[in-house]
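Beneath this line is the structure, given in structure tokens, with notes to follow.
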Amino acid sequence: MREYRTAIMDNGRWAEFKPRPDDIFVCTPAKCGTTWTQTIVANLLWPEGDLPGPIMMFSPWIEAKFMPAEVMHPMLEAQTHRRVMKTHTAADGIPFFEDAKYIVVGRDGRDAFMSFTNHVERMKGIEDLNARAREDGVLELQAYDGDLHAFFERRLADEDHFFHIIASYWERRQRPNLLFVHYNDLKQDLSAEMHRIADFLGIEVPTSRWDEAVDRCTFESMRENKEMLGPLDAMFEGGTRGFIFKGTNGRWRDVLSTEEIAHYQSRSRELLPPEAIAWLEHGRMKR
């Protein structure tokens, strides 16, 4: 596997991971619907709402340094239920297990950027993370200083981030154990997309529980249900409401210049095939 190490994550943590045949991995660039998809999978697995704990705790980000590896791996090994985990690493930096399931979630990169700007602006402890990164000789987290346009250009220049992650999974899209899900489609018809995910994972939800499970996965429900997601106040200003912020698309249209949009489109053409660009911009349904 290719090595990916930053102030926040280290994919070397996969070395101690012990897979199970029915594991589920949610794979995304940041701010593309990761937590949303984890919430969907959790409520498909536990349609009565009796989750085994806060999603952020029992469904960890494998590479993230927030939970020490010596805590995370024993926790996952102790779980007796079907496991769901997340990753923000490109496909060439994670193992692929033939009997596991991978859900790749995408979103227009400009929408993801607007969400990421809020994410970094509200995130606590960036200075400490970057100080340790400098000591370790790894990439620092790009802080947001209020200059959105400069921040946008820095994000586009990062060749290992958004487009690279999407491209790496797109190359593997024919694998039978990999499903592509788009943020726009989740917004357009949440119930239909949850059915797609349930079918892919081989999960049968009783009809009597379906509407309740879907309702718990709406954006509004997630914002109000901090017990379901887990404690976020220590990491983000505003806690759950700061982390699950707006969930809207198209805000970039009133912010980015014509030149910046053209630069984004140019970068996408450099790094993605046309079919991936069309999917990333529109999703499955509108295509």
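The values are calculated or read from the model by the stated rules, or taken from the named source; none is laboratory data. These figures come from a predicted structure and were not determined experimentally. Counting neighbours? That spans all protein chains shown, and the Cβs are built from the backbone with ideal geometry, glycine included.
Being touching an Asp or Glu at 6+ places or on another chain (Cβ under 8 Å), at pLDDT below 95 and either part of a helix (DSSP H, G or I) or at negative phi (or both): is that true of residue 134 here? When the stated conditions are applied, residue 134 passes them.
Any residue at all in region 57-66 that is more than 25 Å from residue 278 (Cα to Cα), among the small types (Gly, Ala, Ser), out of contact with any Leu (no Cβ under 8 Å at 6 or more places or on another chain) and crowded, with 22+ Cβ neighbours inside 10 Å? For region 57-66, residues more than 25 Å from residue 278 (Cα to Cα), among the small types (Gly, Ala, Ser), out of contact with any Leu (no Cβ under 8 Å at 6 or more places or on another chain) and crowded, with 22+ Cβ neighbours inside 10 Å: present.
Residues in region 170-189 that are assigned to a helix (DSSP H, G or I) and of a type in the set (A, V, I, L, M): 186 alone.
Restricting region 199-237 to residues that are small (Gly, Ala, Ser), touching an Asp or Glu at 6+ places or on another chain (Cβ under 9 Å) and surrounded by fewer than 17 Cβ atoms within 10 Å (Cβ to Cβ) leaves a set whose member that is farthest from residue 103 (Cα to Cα) is 221. Across region 136-157, the number of residues qualifying as without any contact (Cβ under 8 Å) to a residue 12 or more places away in the chain and more than 22 Å from residue 235 (Cα to Cα) comes to 4. In the condition set (1) at pLDDT 95 or above; (2) farther than 17 Å from residue 36 by Cβ, residue 65 is compliant with all but (1). Residue by residue through region 99-137, note down the ones that are touching a strand residue (DSSP E or B) at 6+ places or on another chain (Cβ under 7 Å), surrounded by 17 or more Cβ atoms within 10 Å (Cβ to Cβ) and over 26 Å from residue 193 (Cα atoms). The answer is 122, 123, 133. Residues in region 240-276 that are crowded, with 19+ Cβ neighbours inside 10 Å, modelled with pLDDT of 85 or more, closer than 22 Å to residue 105 by Cβ and hydrophobic (A, V, I, L, M, F, W, C): 252, 272, 276.
The set of residues from region 15-73 being acidic (Asp, Glu) and under 24 Å from residue 133 (Cα atoms) comprises 16, 63, 70. Restricting to region 23-41, count the residues that are closer than 11 Å to residue 183 by Cβ, polar (S, T, N, Q) and not in a loop (DSSP other than H, G, I, E, B). Of the residues in that region, 2 qualify. Restricting attention to region 52-90, the residues that are part of a helix (DSSP H, G or I) and over 15 Å from residue 9 (Cβ atoms) add up to 12.
Scanning region 42-51 for residues that are among the small types (Gly, Ala, Ser) and either buried (at least 23 other Cβ atoms within 10 Å of the Cβ) or part of a helix (DSSP H, G or I) (or both) gives a single hit, 42. For region 1-45, filtering for residues that are over 25 Å from residue 109 (Cα atoms) and among the small types (Gly, Ala, Ser) leaves 3. The C-beta contact set for region 175-204 (first residue of a type in the set (Asp, Glu), second residue surrounded by fewer than 17 Cβ atoms within 10 Å (Cβ to Cβ), distance under 8 angstrom, 6+ apart or interchain) comprises 185/192; 185/284; 185/285; 189/285. Evaluated against (1) within 30 Å of residue 47 (Cα to Cα); (2) outside any helix (DSSP H, G or I); (3) modelled with pLDDT of 85 or more, residue 228 falls short on exactly one condition, (2).
The listed residues are 42, 30, 90, and the only one of them that is within 28 Å of residue 209 (Cα to Cα) and among the hydrophobic types (A, V, I, L, M, F, W, C) turns out to be 42.
When each of 39, 80, 28 is tested for being of a type in the set (S, T, N, Q), out of contact with any Leu (no Cβ under 9 Å at 6 or more places or on another chain) and buried (at least 21 other Cβ atoms within 10 Å of the Cβ), the lone residue that passes is 28. You will find that of 167, 192, 234, 198, the residue that is small (Gly, Ala, Ser) and outside any helix (DSSP H, G or I) is 234 and no other.
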